[in-house]
Amino acid sequence: MRFDGQTVLVAGGTGALGRVVVLAFLAEGATVVAAGRRESEAAPLADAAGSARVRLRFAQADVGDSAGAQRAVAAAQARGPLRAVVNAVGGWSGGANLPSEGADVLSRMLALNLLPGYHLLRAALPVLVASGEGAFVEIVSLAAIGPQPGQAAYAASKAAALSLVLTAAEESRGKGVRVNAVLPGTMDTEANRRAMPTADRSGWVSTEDVARAVLFLCSDEARAISGAALPARAGK
C-alpha cells in the first residue's frame, strides 16, 4: 500500500494504458482521479475497480488545453493533497515516409502527444511545488530516441514531449518535486493487435509492466530520481 492516503491524478485514465495505471494505484491504496474526455467511459472503469471504486473519481476534462488541465488538477485537489500526476494521453500515426505523410499529421501528433503534458505540467507543478513534494510522470515512447522511419511526426512529437519533461525536471530541482518519463516500446493493447495482426508480439511490453514503472517513479522508492527517461520494453 505505497500510496495509502495519497491523491493521484491520471490523465487519459480510461485509455488502454491509463486504465491499468489507475487500477494499479487503487490496488496500492491511492485515491485516484481519472481524467478523460468522455463521461461514458467512467462507469466501465468504476466496475473494473470493484470495491476500490470508493477511492475513484472521474473528471471529464480534455487536458489538451489549459482550461481542461486546470479543471483536472482542481478535481484531484478536491479529493485531498495532490501527490502524483501521470499523463497517459497520447496517440500514434505512421506507416508512411516523411514526404508522404499527410500535411496535418504533425499538428495532430503534437496535439495528442505534446500539448497534454505541456498544459498538465503548467497546471500541476505550482500545486506540487507549493506542497513541497510530489511526482509527475509522462508516458513518452522509445520512439523519442533515434531515427524512426515511417513514423516521423509521431517520433518528433514524442521527442518534444521528452525534452519538455527533462526541462521541467531541471526547473523543479531542489523544490521537492520529481519529473520523469517512461518510454515504452510497442505496448500489447487491443488497438495495437488490431493494427498489426501479423506482428511478432514477443517483443511487446505489457501495460501492466509499464504501470509498474509508473508507480515506481511516483513512489518514495524513487525519491532520488528526477529527469529520468526510463525505458519499458519486453526482455526478450
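The values are calculated or read from the model by the stated rules, or taken from the named source; none is laboratory data. Keep in mind that what you see is a predicted model, and the values were worked out from it rather than measured. Positions of Cβ are backbone-derived with ideal geometry, glycine not excepted, and every protein chain shown enters the neighbour counts.
Out of curiosity, is ALA211 closer than 27 Å to THR7 by Cα, part of a helix (DSSP H, G or I), of a type in the set (Gly, Ala, Ser) and at pLDDT 90 or above? Full working, then the answer.
Numbers: closer than 27 Å to THR7 by Cα: yes; part of a helix (DSSP H, G or I): yes; of a type in the set (Gly, Ala, Ser): yes; at pLDDT 90 or above: yes.
So ALA211 passes the test.
Taking the condition touching a residue at least 12 places away in the same chain (Cβ under 8 Å), surrounded by 24 or more Cβ atoms within 10 Å (Cβ to Cβ), aromatic (Phe, Trp, Tyr) and within 27 Å of SER206 (Cβ to Cβ), does PHE58 pass? Spell out how you get there, then give the answer.
On the way: touching a residue at least 12 places away in the same chain (Cβ under 8 Å): yes; surrounded by 24 or more Cβ atoms within 10 Å (Cβ to Cβ): no; aromatic (Phe, Trp, Tyr): yes; within 27 Å of SER206 (Cβ to Cβ): yes.
When the stated conditions are applied, PHE58 does not pass them.
Being of a type in the set (Asp, Glu), within 21 Å of CYS218 (Cβ to Cβ) and surrounded by fewer than 15 Cβ atoms within 10 Å (Cβ to Cβ) is the requirement here; does GLU170 meet it?
Numbers: of a type in the set (Asp, Glu): yes; within 21 Å of CYS218 (Cβ to Cβ): yes; surrounded by fewer than 15 Cβ atoms within 10 Å (Cβ to Cβ): yes.
It is true that GLU170 is of a type in the set (Asp, Glu), within 21 Å of CYS218 (Cβ to Cβ) and surrounded by fewer than 15 Cβ atoms within 10 Å (Cβ to Cβ).
Within region 76-104, which residues are outside any loop (DSSP other than H, G, I, E, B), surrounded by fewer than 20 Cβ atoms within 10 Å (Cβ to Cβ) and of a type in the set (A, V, I, L, M)? Spell out the reasoning first.
Initial filter on region 76-104 (outside any loop (DSSP other than H, G, I, E, B)): 76-77, 82-87, 98-100.
Those left that are additionally surrounded by fewer than 20 Cβ atoms within 10 Å (Cβ to Cβ): 77, 98-100.
Correct list: LEU98 only.
Looking only at residues that are closer than 25 Å to VAL127 by Cα and acidic (Asp, Glu) in region 1-58, which one is farthest from the chain's Cα centre (by Cα)?
By that ranking, first place goes to ASP4.
Is there a residue being of a type in the set (Phe, Trp, Tyr), closer than 30 Å to GLY5 by Cβ and crowded, with 20+ Cβ neighbours inside 10 Å anywhere in region 146-163?
Filtering region 146-163 for residues of a type in the set (Phe, Trp, Tyr) gives 154.
With closer than 30 Å to GLY5 by Cβ added as a condition, the list becomes none.
No, region 146-163 contains no residue that is of a type in the set (Phe, Trp, Tyr), closer than 30 Å to GLY5 by Cβ and crowded, with 20+ Cβ neighbours inside 10 Å.
Mind checking which pairs have a first residue in region 107-129 that is closer than 13 Å to ALA169 by Cα and a second that is outside any helix (DSSP H, G or I) and of a type in the set (Lys, Arg), Cβ under 7 Å, 6 or more apart or different chains?
Cβ pairs passing all conditions: VAL129/LYS175.
Taking the condition of being aliphatic (A, V, I, L, M), touching a residue at least 12 places away in the same chain (Cβ under 8 Å), within 18 Å of GLN60 (Cα to Cα) and assigned to a helix (DSSP H, G or I), how many residues in region 24-47 meet it?
Pass one, region 24-47, residues aliphatic (A, V, I, L, M): 24, 26-27, 30, 32-35, 42-43, 45-46.
Adding the requirement that they be touching a residue at least 12 places away in the same chain (Cβ under 8 Å) leaves 24, 26-27, 30, 32-35, 42, 45-46.
Checking which are within 18 Å of GLN60 (Cα to Cα) leaves us with 32-35, 42, 45-46.
Subset that is assigned to a helix (DSSP H, G or I): 42, 45-46.
So the count comes out to 3.
Just give me the residues in region 87-111 being within 18 Å of GLY185 (Cα to Cα) and not small (Gly, Ala, Ser), in sequence order. Before the answer, list the steps.
Within region 87-111, the first condition is being within 18 Å of GLY185 (Cα to Cα), and the residues that meet it are 87-95, 109.
Scanning region 87-111 gives ASN87, VAL89, TRP92, MET109.
Which of the residues belonging to region 137-157 are among the hydrophobic types (A, V, I, L, M, F, W, C) and touching a Lys or Arg at 6+ places or on another chain (Cβ under 6 Å)? Before you say what the answer is, go through the steps one by one.
Within region 137-157, the first condition is being among the hydrophobic types (A, V, I, L, M, F, W, C), and the residues that meet it are 137, 139-140, 142-145, 152-153, 155-156.
Answer for region 137-157, where residues must be among the hydrophobic types (A, V, I, L, M, F, W, C) and touching a Lys or Arg at 6+ places or on another chain (Cβ under 6 Å): VAL140, ALA143, ALA144.
Identify, please: which residue in region 178-203 is in a loop (DSSP other than H, G, I, E, B) and over 18 Å from the mean Cα position of the chain (by Cα) and is, among those, farthest from GLU28 (Cα to Cα)? Before the answer, list the steps.
Initially, region 178-203 is screened for residues in a loop (DSSP other than H, G, I, E, B), giving 185-186, 188-189, 196-200.
The next check asks that each one be over 18 Å from the mean Cα position of the chain (by Cα); those that pass are 196-200.
Working: MET196: 33, PRO197: 34, THR198: 36, ALA199: 34, ASP200: 33 Å.
Of everything passing the filter in region 178-203, THR198 is farthest from GLU28 (Cα to Cα).
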